[in-house]
1. Residue under question is Leu33, and the condition is that it be modelled with pLDDT under 85, in contact with a Leu (Cβ under 9 Å, 6 or more places away or on another chain), on the phi < 0 side of the Ramachandran plot and not assigned by TED's automatic domain parsing to the domain that holds Leu128; does it hold?
2. For the stretch 331-344, does any single residue satisfy the condition of being within 20 Å of Asp177 (Cα to Cα) and of a type outside the set (Lys, Arg)?
3. Quick test for you: out of Gln49, Gln43, pick the one residue that is more than 30 Å from Gly119 (Cβ to Cβ) and either of a type in the set (A, V, I, L, M) or exposed (fewer than 13 other Cβ atoms within 10 Å of the Cβ) (or both).
4. Of all residues in the stretch 316-356, which are part of a strand (DSSP E or B), over 26 Å from Thr58 (Cα atoms) and among the hydrophobic types (A, V, I, L, M, F, W, C)?
5. Here is a check on your reading of the model: is Leu207 in contact (Cβ under 8 Å) with a residue 24 or more places away in the chain and in a strand (DSSP E or B)?
6. When you scan the stretch 156-188, how many residues do you find that are farther than 19 Å from Leu269 by Cβ, small (Gly, Ala, Ser) and either touching a helix residue (DSSP H, G or I) at 6+ places or on another chain (Cβ under 6 Å) or assigned to a loop (DSSP other than H, G, I, E, B) (or both)?
7. Of everything in the stretch 162-177, what is more than 16 Å from Phe114 (Cα to Cα) and under 13 Å from the mean Cα position of the chain (by Cα)? Give them in sequence order.
Amino acid sequence: MGNAPEDSPRLGLSDRGRALLAQLRVPCDAAALEKAGLGPALQAALLDQGLLQLQDDTRQPIEYQEAFGGWKSQRGMLVDHARTAGYQKAIHAVVKPGDRVVDVGTGSGVLAMFAAQAGAGEVHGLELTEMADWAERLARANGLGAVKIVKGDAGRFEMAGQADVIIGEYFGMTFFDEWRHYRAFVDVRDRLLRKGGTVVPRAGRFLLSTVDSQKLYRERGYGFYEVPSYGLDFSVVRAAEVAAPRRYILSADSNTLTATETIASFDFLTSDREAFFFTAETEFAYDADGSFHGFLAHFDLDMAPGQTLGTGPRHRETCWHHSYLPLPKRLMRAGEMLRLRSRSFIDADSDAFCLGLTVAGPGETLEGAPEHVFRLE
């Protein structure tokens, strides 16, 4: 077994190369690629070599495809009884014998198989990743011949006639993460759902809860930087952390919540592909003295008439867990009000979904207050 010559050249990505690779994690237009350093001639050459291809803007980022294309992620969703049984119950309530059903982003095919068990005459499970092969095998193994798995971009799927029910599970850890998947669902729904047809889930609400937990503030918020640890002062890091905040996915204690408000509501039967982008102003009332140091994000889904799936700390925990969005700490008195302006948008440089939060306490205004921007991808 020989060794490579010592003078054998090694090539790796430069800083510009890494930036370009990060840009290509999602479909980009020609102008964005040129800005990242890939000019028209190089784009044409890479297309010719099959290293680039035309893709729809609904295609998930590469890291999502890799995660959802394997059994670690799929099994994690399947063992979440609240989520999976919630979908099963809703699908059995909505799908009627002989219905034509489309499942946008079928993954393991479990929701498509639920539809077939409910009596659907024809179920199309659309899947971009390699899980499509497993979904097909599972449908056959379970004797569900009504399930047809279609591998590829959902935006390009066509069928003869129209669907009676369209299913989608396009929710990320903080609801909006899979906004491209949601767009694919809307595109399929608008083209293929018959008049009078329905969707699962039917509606949803994004909620924020104010949090007061010294343990959480210390371990995941900015409290760590405010007191010495191990005999060392880490306070110089705090300003940089506040300037570039990050969310934390965790299991929260319902006793740490002080108030909960709905930030945005969605009707998945009628909402358009831009519905996940919004600006809202909300007030949170304090019934007792305490502190504020961030929000806990969670959501509710109206799965079918009379059926709701909640993901907050007061419900059975799901695979979505809870999203802690830390903010600088402030003391609040009973009877005082905290005002919030929240907006969602796409970062122009990274093409990442962002949630901007601007907070004002008693005697303060939202105008001129700093916005804290959390990247959700």
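The values are calculated or read from the model by the stated rules, or taken from the named source; none is laboratory data. Since the model is a prediction, treat every value here as computed from it, not as a measurement. Methodologically, a virtual Cβ is constructed for each residue, glycine included, from the backbone with ideal geometry; neighbour enumeration extends over all protein chains shown.
1. Values: modelled with pLDDT under 85: yes; in contact with a Leu (Cβ under 9 Å, 6 or more places away or on another chain): yes; on the phi < 0 side of the Ramachandran plot: yes; not assigned by TED's automatic domain parsing to the domain that holds Leu128: yes.
Against the criterion (modelled with pLDDT under 85, in contact with a Leu (Cβ under 9 Å, 6 or more places away or on another chain), on the phi < 0 side of the Ramachandran plot and not assigned by TED's automatic domain parsing to the domain that holds Leu128), Leu33 qualifies.
2. Filtering the stretch 331-344 down to residues within 20 Å of Asp177 (Cα to Cα) leaves 341-344.
Filter again for of a type outside the set (Lys, Arg), leaving 342, 344.
Checking the stretch 331-344: at least one residue is within 20 Å of Asp177 (Cα to Cα) and of a type outside the set (Lys, Arg).
3. Details: Gln43 fails: either of a type in the set (A, V, I, L, M) or exposed (fewer than 13 other Cβ atoms within 10 Å of the Cβ) (or both).
The match here is Gln49.
4. Quick first cut of the stretch 316-356, residues part of a strand (DSSP E or B) only: 322-332, 337-346, 353-356.
Keeping just the survivors that are over 26 Å from Thr58 (Cα atoms) gives 324-332, 337-341.
Listed by number, the residues that qualify are Leu325, Leu327, Leu331, Met332, Met337, Leu338, Leu340.
5. Numbers: in contact (Cβ under 8 Å) with a residue 24 or more places away in the chain: yes; in a strand (DSSP E or B): yes.
Here the answer is yes, as Leu207 does meet what is asked.
6. Total meeting the criteria: 2.
7. Within the stretch 162-177, Tyr170, Phe171, Gly172, Met173, Thr174, Phe175, Phe176, Asp177 qualify.
A quick yes/no check of all residues on (1) buried (at least 21 other Cβ atoms within 10 Å of the Cβ); (2) in the same structural domain as His92 (by TED's automatic domain parsing); (3) more than 30 Å from Asp56 (Cα to Cα); (4) of a type in the set (Gly, Ala, Ser):
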position	(1), (2), (3), (4)
His181	yes, yes, no, no
Arg189	yes, yes, no, no
Leu192	no, yes, no, no
Val211	yes, no, yes, no
Glu219	no, no, yes, no
Glu226	no, no, yes, no
Ala239	no, no, yes, yes
Thr256	no, no, yes, no
Phe268	yes, no, no, no
